[in-house]
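Asker: For reference, the structure I am asking about is given below.
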Amino acid sequence: MAGFTLIEIAVVLFLMALMALLIVPSTRTFHMSRLKHESRRLAGRAAFLYDQASAQKVVLRLTFNIDAQAYSVSRLDPHSAAPVFAPDLEAGAGPVKLPPDVRLRDVTVEGQGTVTRGTVDCNFYPEGYVDATVIHLADPAGSVFTLSFQPLTGRVSIARGDIAPKAAQVNS
């Protein structure tokens, strides 16, 4: 009668468990690196908008659409005859849709509060300041990165973890 011995089955199970131990951490690392990449991408966009608003003497608006998991830029020329916000058509300013494994959990903008659904705007002004803003990006494993926009300097801080809006603005 042909079959497997108990030792052969145990060896196969051991090898499968060992491979699972090696694979599971790498998927967590992949999600974490994706979350870190998207955090840096958003921080870079915000720093660029801060500089551009001041250099071009326009108001730039970063709109977060939490339901669509995306953000986009629009501009307003305060010196035009009929100032209105219009989509920014400059190179590299197109809308950004977050990948499925990274999500906008919430956005807090000073004077508007914390938003978890719908849209919320953060403005970059020609005088050299930005609305104080705290953004939480999360991945499926529950990891969170907190981005904080400093109003007077335009500096964007990225911190690993879920930092409350007031603490994120004070500590950065």
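Asker: Residue under question is Y129, and the condition is that it be aromatic (F, W, Y) and touching a Gly at 6+ places or on another chain (Cβ under 8 Å); does it hold?
Answerer: Working: aromatic (F, W, Y): yes; touching a Gly at 6+ places or on another chain (Cβ under 8 Å): yes.
Yes.
Asker: Applying the selection to the range 55-112, what residues are assigned to a strand (DSSP E or B), within 23 Å of S33 (Cα to Cα), in contact with a His (Cβ under 9 Å, 6 or more places away or on another chain) and not aliphatic (A, V, I, L, M)?
Answerer: Hits for the range 55-112 are R105, D106.
For (1) under 22 Å from Y129 (Cα atoms); (2) surrounded by fewer than 16 Cβ atoms within 10 Å (Cβ to Cβ); (3) at pLDDT 95 or above; (4) over 12 Å from the mean Cα position of the chain (by Cα), each residue gets a yes or a no:
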site: L21; (1), (2), (3), (4): no, yes, no, yes
site: G44; (1), (2), (3), (4): yes, yes, no, no
site: A55; (1), (2), (3), (4): yes, yes, no, yes
site: A81; (1), (2), (3), (4): no, yes, no, yes
site: A86; (1), (2), (3), (4): yes, yes, no, yes
site: G92; (1), (2), (3), (4): yes, yes, no, yes
site: P95; (1), (2), (3), (4): no, yes, no, yes
site: V107; (1), (2), (3), (4): yes, no, yes, no
site: G113; (1), (2), (3), (4): yes, yes, no, yes
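Asker: Which condition number in (1) closer than 26 Å to T146 by Cβ; (2) among the aromatic types (F, W, Y); (3) without any contact (Cβ under 8 Å) to a residue 40 or more places away in the chain is the one that F64 fails?
Answerer: Tallying (1) closer than 26 Å to T146 by Cβ; (2) among the aromatic types (F, W, Y); (3) without any contact (Cβ under 8 Å) to a residue 40 or more places away in the chain, F64 fails exactly one: (3).
Every residue, every condition in (1) in a strand (DSSP E or B); (2) hydrophobic (A, V, I, L, M, F, W, C); (3) out of contact with any Lys or Arg (no Cβ under 8 Å at 6 or more places or on another chain), yes or no:
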residue: T114; (1), (2), (3): yes, no, yes
residue: R117; (1), (2), (3): no, no, yes
residue: E127; (1), (2), (3): no, no, yes
residue: I135; (1), (2), (3): yes, yes, yes
residue: G142; (1), (2), (3): no, no, yes
residue: L147; (1), (2), (3): yes, yes, yes
residue: G154; (1), (2), (3): no, no, yes
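The values are calculated or read from the model by the stated rules, or taken from the named source; none is laboratory data. Please read all numbers here as calculations on a predicted model, not as lab measurements. Backbone-built Cβ (ideal geometry, glycine too); neighbour counts: all protein chains shown.
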